[in-house]
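All remarks here apply to the structure that follows.
The values are calculated or read from the model by the stated rules, or taken from the named source; none is laboratory data. Being a predicted model, the structure only gives us computed values, none of them experimental. In this analysis, Cβ positions are derived from the backbone assuming ideal geometry, glycine residues included, and neighbour counts consider all displayed protein chains.
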Amino acid sequence: MSNTRRLTTAQAIIAFLKNQHVERDGKQNAFFAGVLGIFGHGNVAGIGEALQQNPDLPYILVRNEQSGVHVAAGYAKTSNRLRTFACTSSIGPGATNMITGAALATINRLPVLLLPGDIFARRNVAPVLQQLESPATQDTGVNDCFKPVSRYWDRIYRPEQIITALPEAMRVLTSPADTGAVTLALPRTCKRRRTTSPLNSSKSAYG
């Protein structure tokens, strides 16, 4: 029998982040020190709920989303890029507040994981949350602004996408040559969808 359990997309993401470690000189450390951010519509019912269920991954409330990304980048720099924070935001202005911090992280090769809330997975436009989506197309949302300032970008429309997106995000975050801001845009309707997730009890370690 396969070792699996039913999780929401958000729960699976948090479980994955908790299990990521880096190794240097024979010593392993958890790669993610916690999650920084502000909750609002678009992330509180998904990532927020999952963090509440996993108190061993600390959540730290920041006063501004941009400052949260700067804190994560600064922490990564002082940790010699061996540790960082994930940053979460609601959709709309909360997400766009993180763009400057993402640009700084990418330019300076500092690993930061961004988890902004996103449009509905079914791509309906107007009215969508904070009304910053384009009424002319269903393929463009606020988080497309992160593409030029991210070393890796993806929008998770379906739970099974995280099976490939999360390992690729970690590859970029832990690569000295490729590291910078990594953005995984998370539609609210996808974060709460349940899927069968493989349980890996061993730590994933990157050298």
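Structure notes:
- Once region 1-44 is narrowed to residues that are aromatic (Phe, Trp, Tyr) and in a loop (DSSP other than H, G, I, E, B), the residue that is surrounded by the fewest Cβ atoms within 10 Å (Cβ to Cβ) is PHE39.
- Checked against (1) surrounded by 24 or more Cβ atoms within 10 Å (Cβ to Cβ); (2) more than 15 Å from LEU184 (Cα to Cα), GLU49 passes all but a single condition, namely (1).
- Residue satisfying all of: in region 75-85; in a helix (DSSP H, G or I) and touching a residue at least 12 places away in the same chain (Cβ under 8 Å); surrounded by the most Cβ atoms within 10 Å (Cβ to Cβ) among these: ALA76
- Any hit, region 93-113, residues being without any contact (Cβ under 8 Å) to a residue 24 or more places away in the chain and in a helix (DSSP H, G or I): no
- All of (1) part of a helix (DSSP H, G or I); (2) at pLDDT below 85; (3) not aliphatic (A, V, I, L, M) hold for THR140 with one exception: (1).
- The C-beta contact set for region 143-168 (first residue within 15 Å of ALA103 (Cβ to Cβ), second residue in a helix (DSSP H, G or I) and among the charged types (D, E, K, R), distance under 8 angstrom, 6+ apart or interchain) comprises TYR152/GLU168; TRP153/LYS147.
- Any hit, region 144-154, residues being at pLDDT below 95 and among the β-branched types (Val, Ile, Thr): no
- Filtering ILE47, ILE60 for residues that are within 19 Å of ARG155 (Cα to Cα), touching a Leu at 6+ places or on another chain (Cβ under 9 Å) and either without any contact (Cβ under 8 Å) to a residue 24 or more places away in the chain or not in a loop (DSSP other than H, G, I, E, B) (or both) leaves a single hit, ILE47.
- Cross-chain or 6+ apart pairs with Cβ under 7 Å, region 3-28 first and under 19 Å from VAL44 (Cα atoms), then of a type in the set (A, V, I, L, M, F, W, C) and part of a strand (DSSP E or B): ALA15/LEU7; LEU17/PHE32; LEU17/ALA86
- Considering (1) buried (at least 24 other Cβ atoms within 10 Å of the Cβ); (2) under 23 Å from CYS190 (Cα atoms); (3) modelled with pLDDT of 95 or more; (4) β-branched (Val, Ile, Thr), the lone condition that ILE99 does not fulfil carries the number (1).
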